[in-house]
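Chemist: Below you'll find the structure I mean.
The values are calculated or read from the model by the stated rules, or taken from the named source; none is laboratory data. Quick caveat: nothing in here was measured; it's all calculated off a predicted structure. Cβ coordinates were reconstructed from backbone atoms using ideal geometry, including for glycine residues, and neighbour counts include every protein chain displayed.
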Amino acid sequence: MADTQIAIRLEKVTKTFGEVVANKDVSLEVRRGEILALLGENGSGKTTLMNMIAGIYYPDGGQIYLGGQAVDIRSPRDALALGIGMIHQHFKLVDVFTAAENIALSMDAAERFDLKRVRDKARAICEKYEFGLDLEQKVYEMSVSQKQTLEIVKVLYRGADILILDEPTAVLTPQETEKLFNVIRNMKADGKAVVIITHKLHEVLAISDRVAILRKGEYIDTVDTKTATEASLTEMMVGQKVELNIERPTPENTVRRLAIHNLSVTSEEGIKLLDNVSFEAFGGEILGIAGISGNGQKELLEAIAGLQPTERGSDVQFFAPGKGRAMELLGMSPRDIREAGVHLSFVPEDRLGMGLVGSMGMTGNMMLKSYGKGRTPILDQKAPRALAEEIREELGVVTPDLNTPVSRLSGGNVQKVLVGREIAASPIVLMTAYAVRGLDINTSYTIYHLLNEQKKKGVAVVYVGEDLDVLLALCDRILVLCGGKVNGILPGATATKEEVGLRMTQLQKEVQQ
């Protein structure tokens with residue numbers, strides 16, 4: 001007799017894409033009335049596995065069982081008919097429609113269209129699970145968390161009792177995350193089976209009942225959350241012990257390197273991306289930049305690096321070692337900045353679009369830093385090759401050889417090449433945008449260590465990151481951006497996630513500098 005507590009069970013499920021094995025013989029189960037965290041590093045096969053349950057991919061091997069019965073899920077429609085709903089990282093909403101109209105779009109084709117009935121049913125769902133959702137609000141007026149709430153209501157409206165959330169907290173503030181967790185707990189109490197795909201260990205421990213771990217596409221184990229720790233989960237994810245401490249040495253002999261005054265950037269559509277941003281960065285410290293995605297972080301770094309036009313009245317001054325007065329960077333091209341002797345290293349958000357040449361190998365991309373210096377790169381390959389080899393060994397870059405085009409490497413390996421090259425350039429100011437995005441835990445902590453080594457050498461490090469826990473552990477000061485404005489500069493050692501999260505979403509009347 002089938003176990004009525006098991007909502008869905010996978011048995012030896014396998015999925016390949018060409019020669020890449022995304023999942024291999026994965027067997028696990030999800031129970032009713034529980035929150036299961038699916039944990040693994042980037043590229044471990046978490047999303048692919050759940051996409052098979054949700055009908056987006058079809059398994060190459062193995063079987064999926066629902067309530068003890070073998071099922072054949074060939075489309076998202078099949079999945080919804082079986083009570084399975086997946087909320088993806090990228091929402092599928094019509095911006096100009098209201099919440100109620102978006103829910104109506106998800107109705108089954110056999111249902112009679114009645115917007116009033118849709119509103120009534122959706123309102124009942126919101127009241128039952130305590131969703132804070134205005135059904136008459138247009139999607140383009142909503143925050144990220146409100147859009148996510150709408151996606152959850154959509155699948156509940158269709159009758160889903162197995163819900164899969166893919167990286168649901170990736171762009172949420174701590175306050176929004178806690179609201180989401182309360183909703184998930186309400187759904188669990190109602191007997192729903194909830195799967196959360198994530199890589200954030202502290203959230204796994206806070207919300208889940210059990211944790212299933214994948215490593216390189218294979219199932220490792222499922223453990224009870226109450227008996228797990230961050231260290232034990234990390235060891236299962238990685239396959240070896242990992243030291244999870246981020247060092248924050250006390251800044252010594254700090255020297256002003258950048259002074260930004262009234263920096264403003266407007267998009268081609270006339271939208272204010274940065275609004276009178278002012279701050280200073282010092283050699284010997286790490287300055288963190290926090291903010292919800294799209295609040296000007298990218299434009300801020302690009303403007304300083306000479307890659308973004310600024311408005312009249314903006315001012316970016318660079319204080320070079322041994323120079324008596326500041327150098328104005330605005331108005332200079334990136335090449336002008338380099339030729340003037342300003343060692344400004346920039347790890348951009350767009351790795352291949354701005355940082356590296358995809359058709360070139362590691363050695364060629366190391367040589368990019370030598371172009372324009374009067375040397376002939378064709379004749380001077382020894383140093384770039386040695387640097388490429390050093391970066392490959394230190395950061396564990398997986399590549400067939402140093403001349404393999406970097407466009408053929410995984411996103412994480414591309415990031416390692418870029419970060420390693422920029423750090424090796426002996427910068428005076430090092431600006432990094434999402435330096436550990438797509439990297440495994442081991443390499444991420446290696447990057448944090450390298451940034452601290454730069455700080456100890458007197459480099460001014462500007463770190464834009466998504467993980468507030470890392471920002472608070474790594475950075476000496478944290479500048480918070482909200483709507484393109486500076487909404488406080490807080491000490492990393494004493495600031496809290498709640499305070500930073502609040503400043504990310506609400507402009508304060510008195511800005512702490």
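Chemist: Of the residues Val20, Val26, only one is more than 18 Å from Asp166 (Cα to Cα) and surrounded by 18 or more Cβ atoms within 10 Å (Cβ to Cβ); which?
Modeler: Values: Val20 fails: surrounded by 18 or more Cβ atoms within 10 Å (Cβ to Cβ).
Answer to the check: Val26.
Chemist: Taking Val20 as meeting all but one of (1) within 24 Å of Val204 (Cβ to Cβ); (2) free of Cβ contacts under 8 Å to residues at least 12 places away in the same chain, write down the number of the exception.
Modeler: It is condition (1) that Val20 fails.
Chemist: In addition: I'd like the residue in region 62-115 that is in a strand (DSSP E or B) and either over 16 Å from Ile8 (Cα atoms) or among the basic types (Lys, Arg) (or both) and, out of all such residues, is modelled with the lowest pLDDT.
Modeler: Ile87
Chemist: Could you count how many residues in region 241-287 are out of contact with any Ser or Thr (no Cβ under 6 Å at 6 or more places or on another chain) and part of a loop (DSSP other than H, G, I, E, B)?
Modeler: Within region 241-287, residues that are out of contact with any Ser or Thr (no Cβ under 6 Å at 6 or more places or on another chain) and part of a loop (DSSP other than H, G, I, E, B) number 18.
Chemist: Just checking, how many residues over region 141-166 are part of a strand (DSSP E or B) and either at pLDDT 95 or above or aliphatic (A, V, I, L, M) (or both)?
Modeler: Initially, region 141-166 is screened for residues part of a strand (DSSP E or B), giving 162-166.
Narrowing the set further to residues that are either at pLDDT 95 or above or aliphatic (A, V, I, L, M) (or both) leaves 162-165.
Summing the residues that are part of a strand (DSSP E or B) and either at pLDDT 95 or above or aliphatic (A, V, I, L, M) (or both) in region 141-166 gives 4.
Chemist: Here is a follow-up. Restricting attention to region 480-495, and to residues there that are without any contact (Cβ under 8 Å) to a residue 24 or more places away in the chain and surrounded by fewer than 19 Cβ atoms within 10 Å (Cβ to Cβ), which single residue is nearest to Gly294 (Cα to Cα)?
Modeler: Within region 480-495, the match that is nearest to Gly294 (Cα to Cα) is Pro491.
Chemist: If you check every pair at least six apart or on different chains, which have Cβ atoms under 7 Å apart with a residue in region 215-227 that is touching a residue at least 60 places away in the same chain (Cβ under 8 Å) and in a strand (DSSP E or B) first and a residue that is among the basic types (Lys, Arg) and crowded, with 16+ Cβ neighbours inside 10 Å second?
Modeler: These pairs meet every condition: Glu218/Lys24; Thr222/Arg210.
Chemist: Quick one: Asp221 ticks every box in (1) modelled with pLDDT of 90 or more; (2) surrounded by fewer than 17 Cβ atoms within 10 Å (Cβ to Cβ); (3) touching a Ser or Thr at 6+ places or on another chain (Cβ under 7 Å) except a single one, so which number is it?
Modeler: All conditions pass for Asp221, except number (3).
Chemist: Would you mind finding the one in Lys128, Lys116 that is more than 20 Å from the chain's Cα centre (by Cα) and free of Cβ contacts under 8 Å to residues at least 12 places away in the same chain? Give the steps one after another, and end with the answer.
Modeler: Working: Lys128 fails: free of Cβ contacts under 8 Å to residues at least 12 places away in the same chain.
Going through Lys128, Lys116 in turn, just one is more than 20 Å from the chain's Cα centre (by Cα) and free of Cβ contacts under 8 Å to residues at least 12 places away in the same chain: Lys116.
Chemist: Here's another thing I want to ask about it. Out of (1) surrounded by fewer than 19 Cβ atoms within 10 Å (Cβ to Cβ); (2) touching a helix residue (DSSP H, G or I) at 6+ places or on another chain (Cβ under 6 Å), the odd one out for Ala99 is which?
Modeler: For Ala99, the failing item is (1).
Chemist: If I go through region 176-204 residue by residue, how many of them are among the aliphatic types (A, V, I, L, M) and exposed (fewer than 15 other Cβ atoms within 10 Å of the Cβ)? Even if it seems obvious, please write down each step before you answer.
Modeler: Restricting attention to region 176-204, the residues satisfying the condition of being among the aliphatic types (A, V, I, L, M) are 180, 183-184, 187, 189, 193-197, 201, 204.
If we keep only those that are exposed (fewer than 15 other Cβ atoms within 10 Å of the Cβ) as well, we get 189.
Count: 1.
Chemist: Within region 29-44, take every residue that is among the small types (Gly, Ala, Ser) and surrounded by 22 or more Cβ atoms within 10 Å (Cβ to Cβ) and give me the one that is farthest from Ile207 (Cα to Cα).
Modeler: Selected residue: Ser44.
Here is a yes/no grid of residues against (1) among the hydroxyl-bearing types (Ser, Thr, Tyr); (2) farther than 19 Å from Leu36 by Cα; (3) without any contact (Cβ under 8 Å) to a residue 12 or more places away in the chain; (4) in the same structural domain as Asp161 (by TED's automatic domain parsing):
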residue	(1), (2), (3), (4)
Tyr57	yes, yes, no, yes
Gly61	no, yes, no, yes
Tyr65	yes, no, no, yes
Ala79	no, no, no, yes
Phe91	no, yes, no, yes
Val96	no, yes, no, yes
Asp120	no, yes, yes, yes
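Chemist: Continuing with this model, one more query. Filter region 310-325 down to the residues that are out of contact with any helix residue (DSSP H, G or I) (no Cβ under 8 Å at 6 or more places or on another chain), at pLDDT 90 or above and part of a loop (DSSP other than H, G, I, E, B) and list them by number.
Modeler: Passing the criteria: Glu311, Arg312, Gly313, Phe319.
Chemist: When you check Ala189 against the structure, is it more than 26 Å from the chain's Cα centre (by Cα) and closer than 30 Å to Glu230 by Cβ, yes or no?
Modeler: yes
Chemist: Can you find a residue that is in contact (Cβ under 8 Å) with a residue 60 or more places away in the chain, surrounded by fewer than 21 Cβ atoms within 10 Å (Cβ to Cβ), within 30 Å of Ser267 (Cα to Cα) and in contact with a Lys or Arg (Cβ under 8 Å, 6 or more places away or on another chain) anywhere in region 456-473?
Modeler: Scanning region 456-473, I find at least one residue that is in contact (Cβ under 8 Å) with a residue 60 or more places away in the chain, surrounded by fewer than 21 Cβ atoms within 10 Å (Cβ to Cβ), within 30 Å of Ser267 (Cα to Cα) and in contact with a Lys or Arg (Cβ under 8 Å, 6 or more places away or on another chain), so the answer is yes.
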